Structures are given as C-alpha cells and as structure tokens.
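Worksheet: the structure to be examined is printed underneath.
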Protein chains: 2
Amino acid sequence: MTAPLAGYTILDLTHVLAGPYCTMTLSDLGAKVIKVEPPETGDDTRAFPPFKDGKSAYFAAINHGKKSIALNLKDAADRAVFEQLLERADVIVENYRPGVMERLGYGWEELHMAYPRLVYGAVSGFGHSGPDAKRPAYDMVVQARGGVMSITGEKDRDPVRVGASIGDIIAGMFLTQGILAALLDRDKTGIGRKIDVAMLDSQLAILEHAVALTTVTGKAPGPSGARHPSITPFETFHASDGLFVIAAGNDKLFEKLCIALNLPLADDPRFATNPARCENARLLKRLIEAVTLDNTRAHWIAKLTAAGIPTGPIQNVEQVMKDPQILARNMVVDVLDKNGRQAYKAAGNPIKMTDAPDPTTRSPAPDLDGNRGEILRWLDEG
Amino acid sequence: MTAPLAGYTILDLTHVLAGPYCTMTLSDLGAKVIKVEPPETGDDTRAFPPFKDGKSAYFAAINHGKKSIALNLKDAADRAVFEQLLERADVIVENYRPGVMERLGYGWEELHMAYPRLVYGAVSGFGHSGPDAKRPAYDMVVQARGGVMSITGEKDRDPVRVGASIGDIIAGMFLTQGILAALLDRDKTGIGRKIDVAMLDSQLAILEHAVALTTVTGKAPGPSGARHPSITPFETFHASDGLFVIAAGNDKLFEKLCIALNLPLADDPRFATNPARCENARLLKRLIEAVTLDNTRAHWIAKLTAAGIPTGPIQNVEQVMKDPQILARNMVVDVLDKNGRQAYKAAGNPIKMTDAPDPTTRSPAPDLDGNRGEILRWLDEG
C-alpha cells in the first residue's frame, strides 16, 4: 500500500477554507503538508467556532494531518528557514490577496527563477488578473455574484445561500486539479508552473445546465425550489411523516414509478414524455402525493427502491454521519488529539483508490508552530 | 505553450453528467478524450433540452473537444476495436452502475491484468462497496440523502435543491483529482490503479462546517436562508432597488462597515464581537437595512468596495456571463459547430496555468460516432 502522493511535499501558506481544503485533499492523498503560519495568530480559523476543549473543531476538520511552523516572512532569520523549505518543496500553495506574495519578494516570477521545479498554486476571490483582481471576497460574495444563488431557493422568494461553502470549496478543488496536472508535467520536464484559480470563475464553471439554458433561450433561469428545472418527476414529495425524494429521470423510470404507485399515468398524453411532464409538473406532483401521503417515507423508499427507482430520504447531517452506506465507505473518520484520543469527527477521503491506505483516523490538526523542531531537523538532514 | 496533460489519452465510457464533467476537465487540461458511446442513442444527454439547431446545448456544454466512436461492447468486432483502444489509453473512465463493466468482461480485475498501466476511474451514486452499492442515484437523491439540502433554504420552510447539479459535479471533480494522482504514481511505477468515487460520499465531503458543528454540539444544523450560520454580518441586505451581499468576516471589517454606513455600532456590546453579532443578527440586519434602503445597490457596492469590505450583487446567469471580471478571465468560451461557427457558449476552464493554452473557443461536441474514421486510422498508425 502506498498513497499516490507519497514523497511529495507541499508548502502551505493558506488560511480559512479554499486553500486549506485543497491541501487537505493533497494530505489525504499522501503528500506531506507543512503549514507555514503567521506567528501568534496563525490561520484565522483557529479562532472559528465551534470549539471543543478550547480548540476549533472547524480548524481540525480541514487541517488534520498537516504540520505547522510559525514564520514571520518579514524577518530575515525566518525567511532563511522559509527558503530552505522552498528548496525541499514540490508545491507552494497560497490564498492571499493578489500582490501579497510579490510584496514579500516571493511572487511567482522570483520563485520560478530561484526554484524552477516548484509548482505554485494560488486561489483567490477573483483571480490574479482582470479589473477586480485586488478585491476581497468571501464565499457568500461569489455565491451571489457567480450565479448559483439566483437558481437556488423558492420561486418568488428571496434567493438563499447554498448551505455548504461551495464558493470556497469548489475553487479549492479546481486548484487541487491544477496542481496535480502541473506536477504530472513537472515530473517530466523539470519545470514548475503557476496555477491561478478564482472563486468567482469556479462558480460559473459548475452552472453547466444554466449556462446552456441561458445561451439557447437568451433568458437566465430562476430558482426552482426543490425541483430539477427540466426533468420531471425529480423533486421532493410528501409522505405521511415528511418529505422524501423521487428522481425518475427518464420514461422507463416513470413507467416503473406509475406501476409501483398504482397510478395509470404512463400512457396519459399529459405525462407520457418528459417535456409533457415538465409542462404538467404541478398536477403530477399532486397526483403522486395523493398516493404517497397515505403511507410513510420508509414505506415508499423501500417500495420504490425495490422497483429500481432512484429515491431517498432528506437527511440532516447527523443522520448522514450515521448512514450505513456512509459508514461502510469509511466516510466519517476520527481526528485524534495529541494524546491519541478520538477528539473530533471529520469527513473521510471520498477518493477511494486501490493499494492506497484509507485510514479510519487522522493525526491531529497541528498546534500553531507545533512541529517546528521536527521540521527544522528534517531540513538539517537535507 | 503546452497543455499539462498533452500526450495522455482518456477512454471515456461515461454518460450524463458526473463522468462527462470529469473528462471535460481532463480535455480542457490537454488530454485526448475518446467517448465510446452505445450505437444509436449515444450519451443520454444528446436528448436533453435545451436544443439549438436540433442539437442539445446541454450535451455541447460538457462534451466539447471530445471525439466519439460508437461501439457495441457485446459485439465481437467492436470489442476488438475497444481492446485496441485500451492498449493505447492511459485512463478509462466510466459511470455505469457497479457490476456493468464486470458483466461486459471489462471489470477492474480483468483490465488491470491485461493492461497494467491503465488507470481506471469510476464514479457512481453510492460507490462500488457498501450495502447500497447497486442502487441507482441521480443528483437530487444524493443532494437529499447527503445532507446539503438540510442546510439549504429558509428556516421553517421545506428544504430546497442547490440549483447547480453539485451531486454530480462534485463527484466528477473528486474523480478528476483521483485520476491525476493515480497518473502521477503510475508514471513512476508503471502500475495503474482503480479510483472509486461515490456521489453520496462526495456530498458529505463538502460539509466541513456542518460536520464540525454536529460533532461538537451533537445536533445537526438546519438551513439558515441567505446567512452564514456562524459569521455576522455575512448575508443579503435590501437596498432601495433590491438585494446585495455584505460579508464582513471579522471585527476589523465590521468596524470599517460601521464607518462606511455611518452606524456607531462597533463598540456597542451587542455587536462588538462576532459571537455577539450572531446573537443579535436579526437586530443588526434591521439597523443596517435602515441605512441601506436609502440608496441603490450600485451605490452601496461602490461605497463598501472602496472601503475594502467584501460585497457584491446577486447576479443571474445572464449577468454573470457578461460580468467584466468573468470576461477578462476568459470564462465564457464559444463552442464551435462543424463549420467553425460559434454555436454555443460554455463555461471556460477555471484552472488558469502559466504556459498552458487558454483558448477562447472549443472544438465541437462530437456527433455520435462522428470520429470513427479518424480514431481507426490513429489505431492503425500504432
């Protein structure tokens, strides 16, 4: 068993979420990740709630398995250590506002000259080019400006935020892809590249359906509540004890659904094709709910599953973390504390790979500067 | 200029969204992607609305730049062609229901034996292991079961779907990461690996904040509308002509915001710290809106931006596609038709990389079997 990124070293100057999420994935894939943090405060999220035993569970959830050294990049001695780290690193990752690295003398041009093999990954709100490059951004700003809020929520009500921080996380994921692609190339050519990912760009990149619709119709789609905008039935339905989901994505599945619900609608011209079903979605929803309200979610999920129809419950996060399928896939892992005790839970690594370890625990999120001695010794050993 | 994945060949057996999104990224990064489609129908999304000139704009948005050959994998002659393709490929990607590839005689074990260098990427609803491995899933099912719907929407109202198909897309993105990591390793060892990504797992993997909260408090969070659940102010506000976003993520930004709005609240104990602001979020929202309702969105966005406060409009997709920052970053590209005319728009490549081409156009999405001759000649040339 070898992790696919075993042997790679990542110098991690990131903070908050987009950057740390990227380096968490690289760590889960086996890279050695060294967090270089500003002295005293460190990564902002060390102060983010919720806390457990005085430490941020939020920080732990995305920084497990990393090492930390505190360096003041304006101090000569600390810069010398940093430059030794640069010598040893395969990748540097940062999510400062564009221009910060240049002011420190560690912009891409300088780094590329001094360390040609180094891959440089940057993620920022609006990217390193364009009129708004220097503007600050947070998740919420790009969710709003990037379009995803405009298609999320109920019709005729104010748009809502996606509950997960996809403004940050999607950008962090594209950065991970860019870094890995650049390493593939670097391992052949010996020459590193810079990757520049913007949170705003990344939002547009996930709107495939809305982009296609807007292009063809000239009109931007609005929110469609709990329905898919162009597949029916593909939405939530009420059972006697709450909501569940049915996603009958094609005519064959709709036929099966009609049989399972004992509803003679498959040949009805109002519902025989997906365009017709979309047209008559509200009526169809009522006809289906007139049946499903008669029994429980569990009943319908079991019955429809047996009939091969995609269906499922709406689970809260506590339920997801106990879901037998999630547990069978090792998707909830224990983050240990310094004493080896199970201190927090975190999401596991969704990239399951043959011959790669998939541990059920993660070593602790580091204390600020907590691995200084070990890192300095490693540098000395050359 | 060389694309980082130039020289890699991807054999793409995927359909609908999760798999094709993965291979689109690999194509954008320079890999040669050959879509192997079932004869007659091809990828289901060829029949998905919206259409333009009789062709699916949805299909074009995620399949541009790929080649297509139609092969019946139950036919001996077609299997022989497929096996020649396997000889030449670096990666095979599929998103069939688990078991389908095995029934065709192309399961991971067989492929790994015959083509040890081949990397095998699979994405499915629930993964290739666990009690629900064989169940069908669509985006909506995993958005519901995976937790993201439970934190998206308004408090005390039914949960809503995230408007973007993140059930599929996030999984496709994790698969891309896994494939690239496996290639890095394969290029050293000569041995390919299988990557198995589940859409359900991938949903939990993006709930970092909700997972931390649930772990510490024992209670799952609910939806919080257009607010961040634990940072204030970080939400939408009404101006005289509509909604905009303010994301003042820390005390310093809140102080600047108070100055910009001429609101003497920074030293008020009800608002001096983030925990206090979260406690009094509803009151704070009203105090801020009592000011912002007095002028337009454009006024406040300009004023707050000048003060260094993260802010922005809520844009629909049409507005995003015309956003000067998006255009400056080449994030809207033209997909050409066979005659070289600009036929559709698609999202550009969000992974900006030095010395890699970032074209403003994409070659056409292929007709079904549209590259058969070219692909067979390429195989003959060995």
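The values are calculated or read from the model by the stated rules, or taken from the named source; none is laboratory data. Note that the structure is predicted; figures quoted are calculated from it, not measured. Glycine gets a Cβ as well: all are built from the backbone with ideal geometry, and neighbour counts include every protein chain shown.
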Report, by residue number, each residue of region A:53-78 that is of a type outside the set (Asp, Glu) and surrounded by fewer than 16 Cβ atoms within 10 Å (Cβ to Cβ).
A:Gly54, A:Asn72, A:Lys74, A:Ala76, A:Ala77
Failed criterion for A:Gly178 (all others in (1) among the small types (Gly, Ala, Ser); (2) out of contact with any strand residue (DSSP E or B) (no Cβ under 6 Å at 6 or more places or on another chain); (3) crowded, with 23+ Cβ neighbours inside 10 Å hold):
(2)
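Do the conditions hold for A:Leu175, that is, is it in contact (Cβ under 8 Å) with a residue 24 or more places away in the chain, out of contact with any His (no Cβ under 7 Å at 6 or more places or on another chain), more than 7 Å from every other protein chain (Cβ to nearest Cβ) and assigned to a helix (DSSP H, G or I)? Don't jump to the end; show me each part of the working.
Values: in contact (Cβ under 8 Å) with a residue 24 or more places away in the chain: yes; out of contact with any His (no Cβ under 7 Å at 6 or more places or on another chain): yes; more than 7 Å from every other protein chain (Cβ to nearest Cβ): yes; assigned to a helix (DSSP H, G or I): yes.
Spelling it out, A:Leu175 is indeed in contact (Cβ under 8 Å) with a residue 24 or more places away in the chain, out of contact with any His (no Cβ under 7 Å at 6 or more places or on another chain), more than 7 Å from every other protein chain (Cβ to nearest Cβ) and assigned to a helix (DSSP H, G or I).
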Any residue in region A:295-308 that is assigned by TED's automatic domain parsing to the domain that holds A:Thr41 and out of contact with any Gly (no Cβ under 9 Å at 6 or more places or on another chain)?
no
The condition of being closer than 30 Å to A:Trp108 by Cβ, assigned by TED's automatic domain parsing to the domain that holds A:Leu29 and in contact with a Ser or Thr (Cβ under 8 Å, 6 or more places away or on another chain) holds, among A:Gly178, A:Gly163, A:Gly147, A:Gly172, only for A:Gly172
Do the conditions hold for B:Ala328, that is, is it in contact (Cβ under 8 Å) with a residue 60 or more places away in the chain and of a type outside the set (S, T, N, Q)?
no
Do we find that B:Lys352 is at pLDDT below 95, farther than 22 Å from B:Val245 by Cβ and facing chain A (nearest Cβ under 8 Å) in this structure?
no
Identify, please: which residue in region A:8-30 is part of a loop (DSSP other than H, G, I, E, B) and more than 9 Å from chain B (Cβ to nearest Cβ) and is, among those, farthest from A:Pro350 (Cα to Cα)?
A:Leu13
Provide a single number: the residues in region B:133-156 that are outside any helix (DSSP H, G or I) and more than 7 Å from every other protein chain (Cβ to nearest Cβ).
4
In region B:211-237, the residues that are β-branched (Val, Ile, Thr) and at pLDDT below 90
B:Ile231
Looking at (1) surrounded by fewer than 22 Cβ atoms within 10 Å (Cβ to Cβ); (2) facing chain B (nearest Cβ under 8 Å), which one does A:Ala239 not meet, given that it meets all the others?
(2)
Which pairs do you get when a residue that is farther than 18 Å from A:Glu40 by Cα, found in region A:368-382, comes within reach of a residue that is modelled with pLDDT of 95 or more, reach meaning Cβ atoms under 6 angstrom, with the pair 6+ apart or on two chains?
A:Ile375/A:Ile69; A:Leu379/A:Gln84
If a residue has to be modelled with pLDDT of 95 or more and under 19 Å from A:Pro324 (Cβ atoms) to count, how many in region B:107-142 make the cut?
12
So for region A:199-209 (the condition being surrounded by fewer than 24 Cβ atoms within 10 Å (Cβ to Cβ) and either more than 8 Å from every other protein chain (Cβ to nearest Cβ) or of a type in the set (Gly, Ala, Ser) (or both)), does at least one residue qualify?
no
Since A:Ser129 meets every condition but one in (1) within 11 Å of another protein chain (Cβ to nearest Cβ); (2) outside any helix (DSSP H, G or I); (3) surrounded by 21 or more Cβ atoms within 10 Å (Cβ to Cβ); (4) of a type outside the set (A, V, I, L, M, F, W, C), which condition does it not meet?
(3)
So the strands (runs of 3 or more DSSP E) completely within region B:31-120 holding 2 or more residues that are of a type in the set (Val, Ile, Thr) and touching a strand residue (DSSP E or B) at 6+ places or on another chain (Cβ under 7 Å) are B:32-37, B:91-94
